[in-house]
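A.B. asks: Below is the structure I would like to discuss, written out as structure tokens.
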Amino acid sequence: MSQPSPEVHERDRGMDAHNAVMRDIRAERDETYDAHEPTRVWLDEDNTPDGVKTSLTIILNTGGCRWARAGGCTMCGYVAESVEGGSVSHEALMDQIDVCLEHEAENIGASETPREDGDAVDAAERADLIKIYTSGSFLDEREVPAESRRAIAETFADRERMVVESLPDFVSAEKLSEFTGHGLETDVAVGLETATDRVRHDCVNKYFAFSDFEDACAEAADAGAGVKAYLLMKPPFLAESEALDDMISSVERCAAVDNCHTVSMNPCNVQRYTMVDELHFRGGYRPPWLWSVAAVLERTADADAIVVSDPVGAGSDRGPHNCGECDDRVQTAIKDFDLRQDPSVFEQVSCECERTWELVLEEETGFNQPLAR
Ligand code: SF4
Ligand SMILES: [Zn+2]
């Protein structure tokens, strides 16, 4: 893969040390990827402001996030999935979209899953909701040229909703109008991670401020688009209780921003070639408890936004987990909450390990200074 290099973003932000470490870690990876294949594509269903929809999620393989090339976020292994040379042509990006459309056509029936009321989700010919992630920013023209962005908007013009991922810097009403102009309900997914600037800066090593997120929400509103905030539960260097408090206040602050209608809280998982991985390997990091995820959802259930969580790797040592006995049940309750937004789902799950979790909340600190000489 191409050599990561410092970017203008990192200068004068006091982030050089984290970035230097992250560059070294990422440089250990040397696999390369085909620019004509998407990184991943799958069918699922999602809770949207218009109800539960069949969704096609696409992870486009682009040149990778420019912040990741500078070093980047402490938990993010995404750049490692980008391509040799650092940029992808319009033709290659459109080939990736074709592969995704073929995947949809071949698998749409398989997305049928039984609902609570016993009915099945309609096996539509195509997904109503298209979500595009790029391991970076879809709206960054160094990753996705304007020509490709417009062609992709046209390709999906007959769907109902689109979600595109972007860092706040690249969000503009003009770019989003290319989607809303086709009558698409459009959302920008912003990896805010936390509403607390200090945690975003020092624990996640992400460079922007909460005020930039608020500005992006206003830009999106100008184009008639909405915003979906992605939060990261328990970045490194926070104790379990600090992570829990940080998420509760972050969900509340995001929900209070005009035009931010959905908050997706992702519990941190241990990805390879990241600082989190190095810490985890040395016993310095544990992903959050699923009880903490449930607690945030329960305590923010009255926030003025849809709040969801999709714990990746739940139940494994490298993902959010409890004791091993109750993980599946708690994860099922979380999925149930995602679709119904009813906090009573958590009353139906319990386990002895809740007592351990409570003790951890009381006693764990980010760094146990000498308590006494
Ligand atoms: S989390 Fe997002 S901004 Fe951070 S390095 Fe990964 S892709 Fe880039
Ligand atoms: Zn348990």
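A.B. asks: Yes or no: region 265-274 includes at least one residue that is in a strand (DSSP E or B) and open to solvent by 40 Å² or more (accessible area, probe 1.4 Å).
C.D. replies: Yes, that holds for at least one residue.
A.B. asks: Can you run down the residue pairs with Cβ atoms below 7 Å, 6 or more apart or on separate chains, where the first is in region 309-335 and at positive phi and the partner is in a loop (DSSP other than H, G, I, E, B) and more than 16 Å from ligand 1 (Cβ to nearest atom)?
C.D. replies: Going by the 7 Å Cβ cut-off, the qualifying pairs are GLY313/GLY319; GLY315/HIS321.
A.B. asks: Follow-up question, since we're still on this one. Among the listed residues VAL330, VAL349, VAL345, VAL308, which satisfies the condition of being under 24 Å from the mean Cα position of the chain (by Cα), away from ligand 1 (no atom under 16 Å from the Cβ) and farther than 21 Å from LEU232 by Cβ?
C.D. replies: VAL345
A.B. asks: Looking only at region 221-231, decide whether some residue is in contact with a Lys or Arg (Cβ under 7 Å, 6 or more places away or on another chain) and at pLDDT 95 or above.
C.D. replies: No, every residue in region 221-231 fails to be in contact with a Lys or Arg (Cβ under 7 Å, 6 or more places away or on another chain) and at pLDDT 95 or above.
A.B. asks: Among PHE138, PHE156, which is within 17 Å of HIS90 (Cα to Cα), within 14 Å of ligand 1 (Cβ to nearest atom) and modelled with pLDDT of 95 or more?
C.D. replies: Only one candidate qualifies: PHE138.
A.B. asks: Take the conditions polar (S, T, N, Q) and modelled with pLDDT of 75 or more and apply them to SER87. Does it pass?
C.D. replies: Answer is yes for this residue.
A.B. asks: Do you know which residues across region 282-303 are in a loop (DSSP other than H, G, I, E, B) and in contact with a strand residue (DSSP E or B) (Cβ under 8 Å, 6 or more places away or on another chain)?
C.D. replies: Listed by number, the residues that qualify are PRO287, PRO288, THR300, ALA301, ALA303.
A.B. asks: Something else: Here are some residues: ARG198, ARG142, ARG159, ARG150. Which one is in contact (Cβ under 8 Å) with a residue 40 or more places away in the chain and either surrounded by fewer than 22 Cβ atoms within 10 Å (Cβ to Cβ) or not in a loop (DSSP other than H, G, I, E, B) (or both)?
C.D. replies: ARG142
A.B. asks: Also: Yes or no: SER166 in contact with an Asp or Glu (Cβ under 9 Å, 6 or more places away or on another chain) and open to solvent by 20 Å² or more (accessible area, probe 1.4 Å)?
C.D. replies: Considered against the rule, which asks whether it is in contact with an Asp or Glu (Cβ under 9 Å, 6 or more places away or on another chain) and open to solvent by 20 Å² or more (accessible area, probe 1.4 Å), SER166 comes out as no.
A.B. asks: For region 203-219, which residues satisfy the criterion of being in a helix (DSSP H, G or I) and touching a residue at least 40 places away in the same chain (Cβ under 8 Å)?
C.D. replies: Within region 203-219, CYS203, VAL204, PHE210, ASP212, PHE213, GLU214, ASP215, ALA216, CYS217, ALA218, GLU219 meet the criteria.
A.B. asks: If you don't mind, there's one more thing I want to ask. Please work out which residue is nearest to ligand 2 (Cβ to nearest atom), limiting yourself to region 345-358 and to residues that are loosely packed, with under 11 Cβ neighbours inside 10 Å, part of a helix (DSSP H, G or I) and not basic (Lys, Arg).
C.D. replies: GLN348
For (1) touching a Pro at 6+ places or on another chain (Cβ under 7 Å); (2) touching a residue at least 12 places away in the same chain (Cβ under 8 Å); (3) assigned to a strand (DSSP E or B), each residue gets a yes or a no:
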| position | (1), (2), (3) |
| --- | --- |
| HIS18 | no, yes, no |
| ASP24 | no, no, no |
| TYR33 | no, yes, no |
| GLU37 | no, yes, no |
| ASP44 | no, yes, yes |
| LYS53 | no, yes, yes |
| THR57 | no, yes, yes |
| GLY63 | no, yes, no |
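A.B. asks: Among the residues of region 323-334, is there at least one that is surrounded by 14 or more Cβ atoms within 10 Å (Cβ to Cβ) and more than 16 Å from ligand 2 (Cβ to nearest atom)?
C.D. replies: Scanning region 323-334 turns up no residue that is surrounded by 14 or more Cβ atoms within 10 Å (Cβ to Cβ) and more than 16 Å from ligand 2 (Cβ to nearest atom).
A.B. asks: Hey, among the residues in region 304-322 that are assigned to a loop (DSSP other than H, G, I, E, B) and in contact with a strand residue (DSSP E or B) (Cβ under 6 Å, 6 or more places away or on another chain), which one's nearest to ligand 2 (Cβ to nearest atom)?
C.D. replies: PRO320
The values are calculated or read from the model by the stated rules, or taken from the named source; none is laboratory data. The structure displayed is predicted, hence computed values, not measured ones. FYI the Cβ positions are ideal-geometry reconstructions off the backbone, even for glycines, and counts take in every protein chain you see. Just so you know, the surface numbers come from the protein's heavy atoms only, side chains and all, with ligands and any DNA or RNA stripped out. Shrake-Rupley method; radii C 1.70, N 1.55, O 1.52, S 1.80 Å.
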